[in-house]
Amino acid sequence: MKIAVVGGGIFGITSAWKLAQKGHGVDLYEKQPDILTAASGINQYRLHKGFHYPRSVETILLSCQGEKSFIKEYKDTLIDEPIDHFYCIAKENTLTNAKQCRTIWDACNLPYEEDELTVVKKEKIEYIAKVQEELIDLPKLNIFCKKKLNEYGVNLLLNRVASERDLRKYDFTVIALYANNNTLLKNFPNRQHDYQFELCEKPVVKLPSIYNGKSIVILDGPFMCIDPFGSTGMFVMGNVAHAVHHTNIGKFPEIPHMFQPLLNKGIIENPPITNFQSFIESAEEFFYEIERAEHVGSMYTVRAVPPYKEHDDTRPTWVEKINDRCVVLFSGKIGTCVDVANQIVRIVEKIRTS
């Protein structure tokens, strides 16, 4: 079959080479000059098991399953340096306490052990879990994805917006546009979903040497995380509250005009709009020496999550068959990309043989 995959993030890329591997002719459309420029390239780069979703067993199980399949296909894209991974449960203002977290982790067979961590303030933390996880190295991922696309003969069309007219010439279309999925579903309004769109900032920082080789997440409330930024020696910061500059619920993301030049452009040095100081002030409650953080720049992208899910913070993954010529995929977790691609391959094979 002649297949179009629209969206050059990790989900579109994986679907494209998996379909081409099965002998299909695949064109991959990406409107940017390179792949992995939006949410797939601007995140915490943590290939996680779901420890920080104690209110959503579904998300934990999807994450665990996805992690295994991701490592099977993308092992060469992971950071080589040894990283210690910690999940710290706050004593106050947490939606889930240590006992509740551990009960859920145990029920989901998540392996962890109690540990010490000198960079956090003990009086603010109820429990510290050390876990075995991995981090993705973005430059490695970019190179590896291009290698896979080339290996299986996927025709990569950069700087190309796929129009409905373009897609008519294909036997099948995979829509993998994440926050922009609805743009290609205007002829199927009943299949357009509402999302909560969040315009997020990810500060990139240099930190004191006591943070080297550590990935740290504070649970389970309006808190933060710090992760090594590939092999650069720098770190990426996340914050549940301060990362989000703008939110809207609906079919399409609203991007305030002042953010448009910043969006999906990699690291912006001296950004004109930043919550960096709020990140640091929030982090000072839990971390020693964090006030010495040096702001290298910030990355900006749009995150899409199901609306009205604050109670459990669930992050679902789905593949929706629109008809025998089109599927749409959605997921907020990079680790699930291989499972999703395999599901799409099965759908296409079933259509081809029916």
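Just so it is clear, none of the values below were taken in a lab; they were calculated from the coordinates. Worth saying up front: this structure is predicted, and the values here are computed from it rather than measured. Virtual Cβ from ideal backbone geometry, glycine too; neighbours counted across all protein chains shown.
Structure values in brief
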quantity	calculated
Whole-Hz couplings from phi, Karplus 6.51/-1.76/1.60, listed for the range 96-101; x for Gly and Pro	9, 7, 4, 4, 5, 4
Long-range HN-HN contacts of residue 214 with modeled amide H, under 5 Å	84
The chain, dipole about Cα centre (Lys/Arg Cβ +1, Asp/Glu Cβ -1), debye to the nearest 20	1680
The chain: most fluctuating residue of 165, 303, 55 per GNM, C-alpha cutoff 10 Å	165
Correct choice for Cα Rg over 2.2 N^0.38 Å that was computed from the model, options (i) 0.91; (ii) 1.37; (iii) 0.99	(iii)
Between the range 114-192 and the range 293-354, the alpha-carbon center distance in angstrom	8
18 Å Cα-Cα threshold exceeded, pairs from 2/147; 2/333; 72/130; 18/147	2/147; 2/333; 72/130
Extension reserve of the residue 107-residue 277 stretch, reckoned as 0.36 nm per residue once the Cα distance is removed	57.4 nm
Principal axis dimensions, the range 273-354 - Cα atoms, whole angstrom, descending	62, 30, 24
Distant-in-sequence amide H partners of residue 234 (H built 1.01 Å from N, under 5 Å)	229
For the chain, share of DSSP beta bridges that run antiparallel, in % to the nearest 5	65
Relative contact order computed over the chain (Cα-Cα under 8 Å; 6+ residues apart), in percent	26
Choice from 99, 68, 265 showing the highest fluctuation, given a GNM over the chain with Cα pairs closer than 10 Å	99
Cut-off under 5 Å, modelled amide H: who pairs with residue 246 long-range	199
